[in-house]
Amino acid sequence: MPELPEVEAVARTLRPLVEGRRIYRCHVLHSIATRPQRPTRLQDASEGQRICDVERRGKYLLLRLGRAYVTLHFKLDGQLVWFEDAKEFARRANCGDERVHVDVAFALDKGVLGFADRRHFGRVWAWKNPEDCPGVAALGTDALSADFTPARLAELLSSSRRPLKEFLLDQWRVAGIGNIYSCEAMWRARIEPRRRANRLRRRDARRLHKAIVSVLQRALECCLDPAPDFRDPGWWYQGLEKILRAYGREGKPCRRCGKPIRRISQGSRSTFFCARCQT
Ligand SMILES: [Zn+2]
């Protein structure tokens with residue numbers, strides 16, 4: 001699932017492609033992608049508008065238009081696809097031999113930007129202001145923002161009695177971290193995922209802050225090399241397994257102490273950790 005680094009990589013790659021372009025037509029090919037909004041809301045808000053900027057907040061991608069915002073959330077495996085022109089879009093989108101899956105497409109004055117999620121969990125919505133989107137309004141401190149400091153993290157930790165893993169997944173507190181990078185950050189900080197957030201000591205919080213920032217930055221570098229290729233509908237983030245030390249490594253030796261990595265279930269999600277060196 002795209003977490004902060006993946007969405008940031010998409011935002012940085014998309015910006016030069018679409019910034020300053022005008023949306024002359026918005027095609028909603030699968031209306032489930034705009035639910036519960038009606039497709040006409042997205043079309044009315046976006047058609048004729050220029051894309052002024054591409055932003056990211058937590059795991060949301062935002063298109064700032066002249067008079068509205070479009071929010072995109074990729075959920076489990078949503079992605080963007082790019083077509084050079086309307087002809088290529090007509091030939092490949094949801095038809096032809098290739099049947100490139102597209103749910104929503106913005107035809108620009110140069111190129112067509114598509115949003116696709118075969119499982120149809122992802123959403124594309126239109127808003128007057130980003131804060132009108134409840135998911136965006138509820139976001140806590142972005143984990144790659146200047147506001148995310150060791151002191152801020154310590155303050156947030158002290159106000160929660162939840163197990164650390166669940167605390168880290170809560171977008172209302174720290175925004176952008178999901179299952180993969182929470183496991184990685186806790187492994188790096190050597191903290192046991194079931195410890196209660198408010199029981200962490202000051203120095204644990206400092207170590208955790210450093211671990212979160214470095215895990216996210218490392219993953220972002222990985223996500224940008226190679227950068228997302230929107231022209232290839234089969235493209236997905238590559239090379240991340242190289243940097244993973246805990247996530248998905250059940251039974252494999254801990255890279256620090258050699259003890260097998262354990263998997264437990266927390267809040268219906270899998271947590272991977274080392275029972276020896278995470279305390
Ligand atoms: Zn270990």
Exercise. Scan region 176-233 for residues that are in a helix (DSSP H, G or I), farther than 30 Å from Asp103 by Cα and touching a strand residue (DSSP E or B) at 6+ places or on another chain (Cβ under 7 Å) and jot them down.
Key: Cys183, Met186, Trp187
Exercise. Output the residues belonging to region 41-63 that are touching a residue at least 40 places away in the same chain (Cβ under 8 Å) and among the basic types (Lys, Arg).
Key: Arg41, Arg56, Arg57, Lys59
Quiz item: Looking at region 224-248, which of the residues that are over 18 Å from Ala211 (Cα atoms) and in contact with a Ser or Thr (Cβ under 9 Å, 6 or more places away or on another chain) is nearest to the ligand (Cβ to nearest atom)?
Solution: Gly248
Quiz item: Would region 249-260 turn up any residue that is touching a residue at least 24 places away in the same chain (Cβ under 8 Å) and more than 11 Å from the ligand (Cβ to nearest atom)?
Solution: no
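Inspect all residues belonging to region 60-73 and state whether any of them is small (Gly, Ala, Ser), under 30 Å from Glu221 (Cα atoms) and not assigned by TED's automatic domain parsing to the domain that holds Val213. Reasoning before the result, please.
To start, the set of residues in region 60-73 that are small (Gly, Ala, Ser) comprises 66, 68.
Restricting the remaining residues to those that are under 30 Å from Glu221 (Cα atoms) gives none.
Taking every residue of region 60-73 in turn, none turns out to be small (Gly, Ala, Ser), under 30 Å from Glu221 (Cα atoms) and not assigned by TED's automatic domain parsing to the domain that holds Val213.
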Quiz prompt | Residue, nearest to the ligand (Cβ to nearest atom), within region 261-279, restricted to residues that are closer than 14 Å to Ser182 by Cα and in a loop (DSSP other than H, G, I, E, B) | solution = Cys274
Quiz item: Could you list, in sequence order, the residues of region 143-169 that are under 15 Å from Lys210 (Cα atoms) and either in contact with an Asp or Glu (Cβ under 8 Å, 6 or more places away or on another chain) or modelled with pLDDT under 95 (or both)?
Solution: Leu144, Phe148
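May I ask you to list the residues in region 41-68 that are basic (Lys, Arg) and within 11 Å of Ala126 (Cα to Cα)?
Taking region 41-68 first, the residues basic (Lys, Arg) are 41, 50, 56-57, 59, 64, 67.
Those that are basic (Lys, Arg) and within 11 Å of Ala126 (Cα to Cα): Arg41, Arg64, Arg67.
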Self-check item: Among (1) of a type outside the set (A, V, I, L, M, F, W, C); (2) out of contact with any helix residue (DSSP H, G or I) (no Cβ under 8 Å at 6 or more places or on another chain); (3) free of Cβ contacts under 8 Å to residues at least 60 places away in the same chain, the one test that Glu131 misses
Solution: (2)
Exercise. Please state which one of Leu139, Leu113, Leu157 is on the phi < 0 side of the Ramachandran plot, assigned to a loop (DSSP other than H, G, I, E, B) and either surrounded by 17 or more Cβ atoms within 10 Å (Cβ to Cβ) or small (Gly, Ala, Ser) (or both).
Key: Leu139
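The values are calculated or read from the model by the stated rules, or taken from the named source; none is laboratory data. Since this is a predicted model, take the numbers as computed values, not measurements. Neighbour counts run over all protein chains shown; Cβ positions are idealised from the backbone, glycine included.
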